[in-house]
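Presented below is the structure to which this report refers.
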Amino acid sequence: MITVVAGLEVALTMSVAAADLCAIDALDRNICLPEPAERVVSLSPGATELLFSAGAGAKLVAASAWSDYPSQASELPRVGDSNRLDLEAILSLAPDLVVAWVDGNPRSQLDKLSALGLPVYWLAPRDFSDIARAVENLGQLTGTPERAAGRVEQFRNGLASLARQYRGARPVRVFFQIWDQPLMTINRDELISKTIELCGGRNVFGHLPRLVPRVSIEAVLEANPEVIVTAGEAGGGSRQWLDDWKQFPQLTAVQAGNLFLEPPDLLARATLRTLEGAQHLCQTLERARNAL
Amino acid sequence: MTVLHTRQLVIDIPARASGWPLNLDIRPGQVWGVLGPNGAGKTTLLHSLAGLREPRSGRVLLDDVALSGMPRRRIAQQLGLVFQDRQDSFPATVLETALIGRHPWLSLWQNELPQDLQMARQALVALDIAHLEDRSVSTLSGGERQRVSVATLMTQDPSVWLLDEPTNHLDLHHQERVLALLRRQADAGKSVFMCLHDLNLAARWCSHVLLLYPEGEACWGPADTMLVVPALERLYRQPLISTQVAGRKLFVPVAGGIE
Amino acid sequence: MRSEGMGRPLVLLALLCLAAVLASVSVGSSTVSVGSLVSVLTGNGSELERTLILELRLPRTLSALATGGLLAVAGALMQVLLRNPLADPYVLGLSGGAAAGALLAMLAGLASVLVSGAAFAGAMVATLLVFGLAHGRGSWTASRLLLTGVVMAAGWGALITLLLALTPTHKLPGMLYWLMGDIAYAGSPWPALAVLVLALLLVQPLGRSLNVLARGSLQAAALGVNVRPLEWAIYLLASLITATAVTTAGSIGFVGLIVPHMLRFVVGNDQRLLLPASALAGGTLLVLADALARTVIAPEQLPVGVITALIGVPVFLYLLNRRGA
């Protein structure tokens, strides 16, 4: 039965591919290609990762700086930093698809590429379903929809099982620290906050209006979180951020020893690896829950 | 009372190849006028006498002590200077500005005492600016500012008074008043040494005159021996006639030039 | 110049300063009532209130006080040194050197103590570079010092831009906040306060000489001031003061330029009054600005430099207008 459905799905997507390859991007534009893209340029580390997940890794001809996952991505030619792109390098590679990131890439530079006739597909994954859809669409545009669909299914199943597991768990109050100087956290619209919710946590600063608000130590003391988590920065130093909280022993998180350092790469980018990050974070919050 | 000497003093004027050594003796009671065309080095001489500018050679002596070896504060107690240009980037009242003259007489931790204030106020009265005491200097006219500068020097009360064009910007009445004040100060034992542009003021108020020629040559002596038409004509390259009015010698320029 | 009546403005400013400090420790994410403030200060009060006031707000407020005071005093000194009322502590490139040092340390991922150390080192390098270059072969003037410093500042600016361009995106916010200046970074307030008090004690006997120097180096020399040593002493002292401020709280703008200038409208240009008054007024301004930065959109925080400008600009314009009228 399952095989039949899967086969049908493949047949369907293939028939669409033959007619035309279209996908709607984060700017609500319908991007259509005459045939699957063969030369793809990725303009952010997250886009690179999503392209690999969609099965288009081999079609990548270049990527922006800091594209380091999966490891093959590190060997790709570079076309500048995400916020300062080398348009000449991009053009000279004659790509047939450019994948951009709303939060990182400069619109004005990318509009120039669009004006020159290059198809630009914009990504802005804000939640899990955005990530899943991005992988599906990229698979579609690069001619590997079935591979993408497989990865997405794994992703959705993994998330669903986490949701089931922690639906009834006792809520814990979480302060997620993005940076220490200035002290920054995230509000409920951030993907990490959604991950916290998934694991049965409550982001103590979820209600703030800005996506990445800067808060005071005072505010943290008053919110009195039960857990303090940081993903820190790659290369260390952030263990110190957590240790700094120990000077406030009245914090429940400090009393319970609930100061946790999460692997930096898993939560930082909105990619399929957020599932892994979520599994890790859920375990962490479960440990915290038990320590209370 | 202090005597200011120069010994073989050659002032440093960069564009001038050689200088004329000056051996001046400026004594209490004397009023010196320095005359010379623009660029002859009057201001440079004044600054050199005050030790503010290194001479090319020779020495300046205050009571036989070389100026170059004296601390600035001790120099300022014996010798003061009214500059031609003033900087006032910052707000200051007239009284504050005059009171600055007491600086060389006060030690680091000392504040101005009532008698210092009194000296400053007396100077303001002498210069006819007492009514401007609380005005900001920047709001004053050029002539009023000039009088504030002289009042500052008077408050400083040194033995040797050097003044660069003290009558600049002054109206006729205040020219008279300031020069009479300088004369009285000399009579009371100060020595006054000033650059002037007006031959007739020099003739009227100076006991001694120094002529500075543009090539660096110089001659000096009692006023009546120096202020003679041929020397002055050569000094300014300007034909002059002299005449007497009410017993005073007057110089008047006439048309024509001198090669 | 007159010593009479000099105490009154200082007493007034000191009272204002004290009021600002008290206001600052009572406000934050949550406001503490006068009653609980008193009970905390007398050793009682709830544990949270004690931590908030004694461990967070008081050190931060004192750091703001010290930093504001340091910047205003350094600004007043630089203005006299350069005979230019528009000079500020940063005009000779000192903050640029400090910023370059701090940013390099952040780029290398060093701990915050080392970032502060690097900022101080950068400030001193900038100071000595300008000192050496302006010194040249003997002849120099205030305008040569100013030109050397301004050109060096431009050079530092370019270096900072280069560093920012080379920095990975995720490290940028920390760097930008440092460049804007922020009391939140301050550690213990005591070193900065000690430097402020020492600096004031050091310059107090020089006050009258500074008054004379403000009228030009020739006039000052004619009135018995040893101009060259005095100028270098002020330069080094102002640099050290600024470096301390920048190390404590990043390069907070505006205070060093506006406070001495503003006070001159009110108390005149007698440095013996202006310098301590600047310390008090600069400290008060920064304490108030920081209190507002912490509370306007609490629990979120604004950079304090925004607030100093928002308070300072209208006050300055008011004083300028009143004086013109």
### Task
Have a look at A:GLY206, A:GLY201 and point out the one that is surrounded by 22 or more Cβ atoms within 10 Å (Cβ to Cβ), out of contact with any His (no Cβ under 8 Å at 6 or more places or on another chain) and touching a residue at least 12 places away in the same chain (Cβ under 8 Å).
A:GLY201
### Task
From (1) over 16 Å from the mean Cα position of the chain (by Cα); (2) buried (at least 18 other Cβ atoms within 10 Å of the Cβ); (3) not hydroxyl-bearing (Ser, Thr, Tyr), pick out the condition that doesn't hold for B:TRP32.
(1)
### Query
Going by the conditions given, is A:PHE248 within 13 Å of another protein chain (Cβ to nearest Cβ) and among the aromatic types (Phe, Trp, Tyr)?
yes
### Residues of segment C:76-93 classified as away from chain B (no Cβ under 13 Å) and of a type outside the set (A, V, I, L, M), total
4
### Task
Keeping to segment A:81-131, report how many residues are closer than 21 Å to A:ASP189 by Cβ and touching a residue at least 60 places away in the same chain (Cβ under 8 Å).
12
### Matching residues in segment C:190-215 - criterion: being facing chain B (nearest Cβ under 7 Å) and assigned to a helix (DSSP H, G or I)
C:PRO205, C:ARG208, C:ASN211, C:VAL212
### Query
Which of the residues that make up segment C:1-35 are modelled with pLDDT under 80 and within 14 Å of another protein chain (Cβ to nearest Cβ)?
C:MET1, C:ARG2, C:SER3, C:GLU4, C:GLY5, C:MET6, C:GLY28, C:SER29, C:SER30, C:THR31, C:VAL32
### Query
Would segment A:220-228 turn up any residue that is among the acidic types (Asp, Glu), over 29 Å from A:ASP103 (Cβ atoms), more than 10 Å from every other protein chain (Cβ to nearest Cβ) and exposed (fewer than 15 other Cβ atoms within 10 Å of the Cβ)?
no
### Query
Is it true that C:GLY187 is closer than 22 Å to C:PHE120 by Cα, more than 10 Å from chain B (Cβ to nearest Cβ), in contact with a strand residue (DSSP E or B) (Cβ under 7 Å, 6 or more places away or on another chain) and not aromatic (Phe, Trp, Tyr)?
no
### Query
So which residues in segment C:265-296 are over 17 Å from C:VAL25 (Cα atoms) and not in a helix (DSSP H, G or I)?
C:GLY268, C:ASN269, C:ASP270
### Query
Is there a residue in segment C:73-94 that is surrounded by fewer than 20 Cβ atoms within 10 Å (Cβ to Cβ) and either without any contact (Cβ under 8 Å) to a residue 12 or more places away in the chain or closer than 24 Å to A:TRP245 by Cβ (or both)?
no
### Message
Give me the residue from segment B:78-92 that is more than 7 Å from chain C (Cβ to nearest Cβ) and over 17 Å from B:GLY142 (Cβ atoms) and, out of that set, surrounded by the fewest Cβ atoms within 10 Å (Cβ to Cβ).
### Response
B:GLN78
### Task
For C:GLY45, state whether it is farther than 30 Å from C:THR148 by Cα and within 14 Å of chain B (Cβ to nearest Cβ).
no
### Task
Might you check whether a residue that is over 23 Å from C:VAL287 (Cα atoms), more than 14 Å from chain B (Cβ to nearest Cβ) and in contact with a Gly (Cβ under 6 Å, 6 or more places away or on another chain) occurs anywhere in segment C:110-121?
yes
### Task
For A:PRO264, state whether it is at pLDDT below 90 and either aliphatic (A, V, I, L, M) or out of contact with any Pro (no Cβ under 7 Å at 6 or more places or on another chain) (or both).
yes
### Query
From C:THR161, C:THR148, C:THR242, which residue is buried (at least 24 other Cβ atoms within 10 Å of the Cβ), in a helix (DSSP H, G or I) and more than 14 Å from chain B (Cβ to nearest Cβ)?
C:THR242
### Query
Are any residues in segment B:232-259 assigned to a helix (DSSP H, G or I) and crowded, with 16+ Cβ neighbours inside 10 Å, and if so, which ones?
B:LEU232, B:GLU233, B:LEU235, B:TYR236
### Task
Any residue in segment B:167-186 that's among the basic types (Lys, Arg): show its pairings with residues that are buried (at least 17 other Cβ atoms within 10 Å of the Cβ) and not in a loop (DSSP other than H, G, I, E, B) at Cβ separation under 7 Å, as long as the two are six or more apart or on different chains.
B:ARG183/B:VAL31; B:ARG183/B:TRP205
### Task
Have a look at B:TRP105, B:TRP109 and point out the one that is under 12 Å from B:GLN156 (Cα atoms) and surrounded by fewer than 22 Cβ atoms within 10 Å (Cβ to Cβ).
B:TRP105
### Query
Are any residues in segment C:260-311 of a type outside the set (Val, Ile, Thr) and within 14 Å of chain A (Cβ to nearest Cβ), and if so, which ones?
C:ASP290, C:ALA291, C:LEU292, C:ALA293, C:ARG294, C:ALA298, C:PRO299, C:GLU300, C:GLN301, C:LEU302, C:PRO303, C:GLY305
### Message
Considering only residues that are facing another protein chain (nearest Cβ under 9 Å) and small (Gly, Ala, Ser), which ones fall in segment B:108-124?
### Response
B:ALA120
#### Entry: Selection count where residues are crowded, with 22+ Cβ neighbours inside 10 Å and within 15 Å of the chain's Cα centre (by Cα), scope segment C:196-237
2
### Task
Select the helices (runs of 4 or more DSSP H) contained entirely in segment B:67-147, then report the ones holding at least 1 residues which are modelled with pLDDT of 95 or more and in contact with a His (Cβ under 6 Å, 6 or more places away or on another chain).
none
### Task
Specify the residue that is nearest to C:MET78 (Cα to Cα); the eligible residues are those in segment C:218-230 that are in a helix (DSSP H, G or I) and at the interface with chain B (Cβ under 9 Å from one of its Cβ atoms).
C:VAL227
### Query
For segment C:251-259, does any single residue satisfy the condition of being more than 14 Å from chain B (Cβ to nearest Cβ), free of Cβ contacts under 8 Å to residues at least 24 places away in the same chain and over 21 Å from B:PRO91 (Cβ atoms)?
no
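The values are calculated or read from the model by the stated rules, or taken from the named source; none is laboratory data. Since the structure is predicted, the reported quantities are computational estimates derived from the model, not experimental observations. Backbone-built Cβ (ideal geometry, glycine too); neighbour counts: all protein chains shown.
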